[in-house]
Structures are given as C-alpha cells and as structure tokens.
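The values are calculated or read from the model by the stated rules, or taken from the named source; none is laboratory data. Keep in mind it's a predicted model, so treat the numbers as computed, not measured. All Cβ positions, glycine included, derive from the backbone under ideal geometry; neighbour counts span all protein chains shown. Please note that ligands, DNA and RNA were not included when accessible areas were found on the heavy atoms of the full protein model with its side chains. Shrake-Rupley method; radii C 1.70, N 1.55, O 1.52, S 1.80 Å.
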Amino acid sequence: HWPETMLTYLPEDRILFTCDFLGSHLATSELYSTGRPGEREAAKRYFAEIMMPFSNLIVKNLDKLDGLQIEMVAPSHGPVVSNPSYIIDCYREWSAGPMRNKVCLPFVSMHGSTRVMVDALVAALVSRGVAVERFELTASDLGHIAMSLVDAATVVIGAPTVLGGAHPAAAHIALLANALRPRTKFVSVLCSYSWGGRAVEQISGLIGNLRAEALEPVVCKGLPRSQDLQAIERLADQIAQKHRELGLM
Ligand SMILES: Cc1cc2nc3c(=O)[nH]c(=O)nc-3n(C[C@H](O)[C@H](O)[C@H](O)COP(=O)(O)O)c2cc1C
C-alpha cells in the first residue's frame, strides 16, 4: 500500500481521489459518509490494519494536502467523505498524535495460569489509573487488537510456554504487531511455564521492529504465587510511572 498509493486532485470539483488512503473496509449502500456510528471505527481499523506501518511517511505526505481546497475525499473503498478535514485530522492523530495512557494486553492461557497473571495486572493497572484493553486471543478480532495498538503506549503479551517456546497464538500476535509497526513505547511479557523454555526470549525476538523499551517480564512456574503477584504489582507501578513521565496521565 505504499508507495503505490497515489492521490489525484480534481481542481474543478475539489475532489481528492485517495486510492487506499483515508479509506475504510466499509461496504454500505450509501455512497457518502453521514457520520453514522461505526464509520470512524471502520476508518481507524483500516488505518490500523493497512496504513499503520507507514505512519512516518503518512505524516510527511499529509503536509502536501495543506494547500489544496478539498471538498470531498473519494477513496477507492469505503464511503466518500464530505468532511475531509475530519478524516485528515484522524490520520494525523493516528499516525503522529500522542500515545494514550493505555495498555494493550493480548494473552492466551491453556490452564488458566497466565489468565490469573493477566487479571492481576489488569486490576493493578486500573487501580493506578492506567486503562487496559484485554484481549483473549482465542476469541478476539485481530482488527480490534490492531486498533488498540494504534495508540496504546504499552503492550504486554501474555504467553504461556508450549514446547519450549511461546504459545503459538501469543507468537502470532507478536509477529503481527511487529509487522504493523505501532508506535508502542513500552513492552513486557507475562509468562507461565512448568519446567523451562524460552517463551520470553522468543516473543522479544519477534518484536524487533517495535522501538519500545522492554520492561522486566514476569515469569512464573504454574499459577502465580505471592512473589509473582508482587512482581506484577511492580510491573504495574513501572508502567504507571513511565506513562506519567511521558505526560500521559
Ligand atoms: C502442549 C503443552 C506443551 C507444554 N510445553 C511446555 C514446555 O516446553 N516447557 C514448560 O516449562 N512448560 C510447558 N507446558 C506447561 C505449561 O507451560 C504450564 O502448564 C503453564 O503453567 C501453562 O500456563 P497457562 O495455564 O496460562 O496455559 C506445556 C503445556 C502444554 C499443554
């Protein structure tokens, strides 16, 4: 989708034909956007799934639209937008706006141990004023996780150990996040195991594109015990502190 996405401006009618840019995967019988609920979400989802890896280029290229008088944005799919500044401002926000005081927390858990760790982290973060979007990977829409990655300052992946590495569903989301290149600032991992493995190292190796600071992972044998729950409290402290330092809360 980049660099072959080309924008064409029709000065006579002040229409910007944007190809894939500023569009959405919204199939509707109505040609024009009408501010229906769901239109913004569809546009954000499209940005997250398709355009997010190109955020740096998007910021630079949005400036080229500044001199144009645009009355309509006509993308190649999704409704025609008759309020162009709205969608252009959304793109500025999604590609370069401040990250939010939010943790994106995708996880999988076979026997419930990682789930207990995840729920403890959710409670600890919420009590410190940090928002959390928690995704059970076996039942989540990947598009929702991609949308969460657009502006979550922190990502924590819950990954139990399977056959010496991370559970495949956790490895999958790490791989996907790596491809989407979100502007995540901090990452960490919650991991449960029985006898040993390299789940944390594997997840860390899969997210090399994220220019995020790695926070101390929490790794525990089976169900978390009191020292593990304390480590989770410390992780929540650290996340809240980091978000505070960035002025997000
Ligand atoms: C198919 C399978 C493979 C596993 N492989 C490993 C392994 O290689 N190393 C290990 O330490 N534990 C392994 N375990 C044990 C789990 O990592 C352990 O029970 C962990 O607490 C599960 O966390 P969960 O309840 O969040 O799924 C395996 C469990 C299953 C079901």
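Laid out as a table, the results:
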{"read-out": "All positions within the range 136-154 that are surrounded by 20 or more Cβ atoms within 10 Å (Cβ to Cβ) and farther than 19 Å from Glu93 by Cα", "value": "Leu137"}
{"read-out": "Criterion violated by Val81 - all others in (1) over 25 Å from Ala179 (Cα atoms); (2) over 24 Å from the mean Cα position of the chain (by Cα); (3) modelled with pLDDT under 95; (4) open to solvent by 20 Å² or more (accessible area, probe 1.4 Å) satisfied", "value": "(4)"}
{"read-out": "Pair list, Cβ < 8 Å and 6+ apart or interchain, from the range 224-243 residues that are more than 18 Å from Thr184 (Cα to Cα) and of a type in the set (A, V, I, L, M, F, W, C) to residues that are modelled with pLDDT of 95 or more and open to solvent by 40 Å² or more (accessible area, probe 1.4 Å)", "value": "Ala231/Glu216"}
{"read-out": "Positions within the range 155-168 being crowded, with 21+ Cβ neighbours inside 10 Å and more than 9 Å from the ligand (Cβ to nearest atom), in sequence order", "value": "Val155, Val156, Ile157, Ala166"}
{"read-out": "Residue within the range 20-41 that is closer than 18 Å to Pro182 by Cβ, part of a helix (DSSP H, G or I) and in contact with a helix residue (DSSP H, G or I) (Cβ under 9 Å, 6 or more places away or on another chain) present", "value": "yes"}
{"read-out": "From Leu180, Leu190, residue being at negative phi, more than 16 Å from the ligand (Cβ to nearest atom) and of a type outside the set (Ser, Thr, Tyr)", "value": "Leu180"}
{"read-out": "Test result for Arg92, closer than 27 Å to Pro168 by Cβ and charged (D, E, K, R)", "value": "no"}
{"read-out": "Leu57 of a type in the set (A, V, I, L, M, F, W, C), assigned to a helix (DSSP H, G or I) and outside the structural domain of Glu30 (by TED's automatic domain parsing)", "value": "no"}
{"read-out": "Residue in the range 206-223 that is in a loop (DSSP other than H, G, I, E, B), among the basic types (Lys, Arg) and buried (at least 17 other Cβ atoms within 10 Å of the Cβ) present", "value": "no"}
{"read-out": "So Ala124, is it assigned to a helix (DSSP H, G or I), modelled with pLDDT of 95 or more, more than 16 Å from the ligand (Cβ to nearest atom) and of a type in the set (A, V, I, L, M)", "value": "yes"}
